[in-house]
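Notes follow once the structure below has been shown.
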Amino acid sequence: MDPLDSYSRTVSTVAAEVAPHVASLRIGHGAGSALVFTDDGLLLTNAHVVASAPEGIAAFTDGTQTRFEVVGADPLSDLAVLRAHGPTPSAAELGDADALVVGQLVVAVGNPLGLAGSVTAGVVSALGRSLPVRSGRAGRVIEDVIQTDAALNPGSSGGALADAAARVVGINTAVAGIGLGLAVPVNATTRRIVGTLLADGRVRRAYLGMVGVPAPLPAAVAERTGQDAGLRLVEVVAGSPADHAGLRTGDLVLSVGRRAVSDAQGIQRQLFSDAIGAALPVTALRSGAMVDVIAVPSELISS
């Protein structure tokens with residue numbers, strides 16, 4: 001008889017499938033994990049794992065070791081891309097974190113020691129969380145972070161968070177608290193960041209200079225717009241593009257770039273390099289009246 005119940009069987013199957021694709025990284029005096037995501041030896045990890053190191057050693061569960069170089073890192077998404085200079089396992093299968101639901105089984109796979117993977121399992125305990133990060137003077141939040149009770153072990157940052165079908169849906173990034181972990185989602189935004197790192201080695205972002213919190217719309221406005229919430233501005237940075245556009249503290253922003261927004265992430269998704277210097281229409285509710293302005297984002301300087 002099979003001594004494993006269905007839950008244990010699923011976890012062990014996912015671990016066996018994913019672990020060979022997860023590397024242990026040695027970078028100077030630091031360590032972490034990384035995931036092979038292309039068949040030609042590209043790996044994905046956390047920016048904080050590699051820090052400012054240009055290269056290091058990657059080791060896999062089969063004993064293979066290879067040098068790698070850092071292709072590019074983006075501290076404001078906590079993602080970095082590495083290129084191996086020797087043989088690596090084939091690519092792990094990537095999934096789509098946008099399809100996750102709260103309560104879904106996930107398995108965190110790291111490789112802190114190089115020869116034996118570290119595996120924890122749990123469920124998605126929250127979605128859409130934000131993880132504040134800083135790079136120099138620039139601040140941002142990593143959007144749509146996955147929170148799970150699959151606790152992370154030391155050295156597992158940069159490892160894989162996989163679903164029950166062994167598809168990697170997140171890159172483990174931080175310990176949120178006792179028994180909790182966070183992961184950067186693998187989704188369309190992540191893929192865009194990875195593509196930019198491969199092309200340019202860094203990610204250029206646009207800057208508006210406003211800080212807001214989600215807030216409900218008045219019933220009449222919600223009925224008219226079909227939108228339940230907007231972003232209440234709690235700060236407009238003096239001299240920023242938002243300030244020059246005429247936005248004010250207290251405004252309730254409904255749309256940016258003609259896309260409805262209800263949180264900061266809805267704006268951040270639009271603030272990549274193609275938005276720098278471009279006219280960005282913003283609609284806000286101010287004292288019961290609709291206000292339309294044009295903001296022209298500048299480039300976010302992180303140092």
- Task: Look through segment 244-291, keep the residues that are farther than 21 Å from Ile142 by Cα and β-branched (Val, Ile, Thr), and return whichever of them is surrounded by the fewest Cβ atoms within 10 Å (Cβ to Cβ).
- Result: Thr249
- Note on the structure: Residue hits (segment 212-231; under 17 Å from Gly257 (Cα atoms) and assigned to a strand (DSSP E or B)) are Gly212, Ala229, Gly230, Leu231
- Message: Quick check on Pro216: is it surrounded by 13 or more Cβ atoms within 10 Å (Cβ to Cβ), at pLDDT 90 or above and outside the structural domain of Leu82 (by TED's automatic domain parsing)?
- Response: yes
- Query: With (1) outside any strand (DSSP E or B); (2) of a type outside the set (S, T, N, Q); (3) closer than 20 Å to Ala215 by Cα as the list, and Val291 as the residue in question, which single condition is left unmet?
  - Reply: (1)
- Task: Give the residue, chosen from Gly72, Gly28, Gly32, Gly56, that is in contact with a Gly (Cβ under 8 Å, 6 or more places away or on another chain) and surrounded by fewer than 18 Cβ atoms within 10 Å (Cβ to Cβ).
- Result: Gly28
- Task: Scan segment 253-274 and give yes if some residue there is modelled with pLDDT of 90 or more, of a type in the set (Ser, Thr, Tyr), under 25 Å from Leu76 (Cα atoms) and outside the structural domain of Asp96 (by TED's automatic domain parsing), otherwise no.
- Result: yes
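Could you please let me know if Thr196 is among the hydroxyl-bearing types (Ser, Thr, Tyr), at pLDDT below 90 and surrounded by 14 or more Cβ atoms within 10 Å (Cβ to Cβ)?
Working: among the hydroxyl-bearing types (Ser, Thr, Tyr): yes; at pLDDT below 90: no; surrounded by 14 or more Cβ atoms within 10 Å (Cβ to Cβ): yes.
For Thr196, the condition - among the hydroxyl-bearing types (Ser, Thr, Tyr), at pLDDT below 90 and surrounded by 14 or more Cβ atoms within 10 Å (Cβ to Cβ) - is not met.
Pick from segment 193-211 the residues that are in a loop (DSSP other than H, G, I, E, B) and among the aliphatic types (A, V, I, L, M): which of them is nearest to the chain's Cα centre (by Cα)?
In this case the residue turns out to be Val203.
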- Number of the exception - Leu247 against (1) outside any strand (DSSP E or B); (2) more than 17 Å from Val293 (Cβ to Cβ): (2)
- When residues of segment 35-50 are filtered for being in contact with a Pro (Cβ under 8 Å, 6 or more places away or on another chain) and either over 18 Å from Thr64 (Cβ atoms) or surrounded by fewer than 21 Cβ atoms within 10 Å (Cβ to Cβ) (or both), how many remain? 3
- Note on the structure: With criteria (1) crowded, with 23+ Cβ neighbours inside 10 Å; (2) more than 24 Å from Val203 (Cα to Cα); (3) hydroxyl-bearing (Ser, Thr, Tyr), Ser90 comes up short on (1)
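The values are calculated or read from the model by the stated rules, or taken from the named source; none is laboratory data. In this text the structure is predicted, and so the values were computed from the model without any measurement. Note that we place each Cβ from the backbone using ideal geometry, even for glycine, and neighbour counts take in every protein chain shown.
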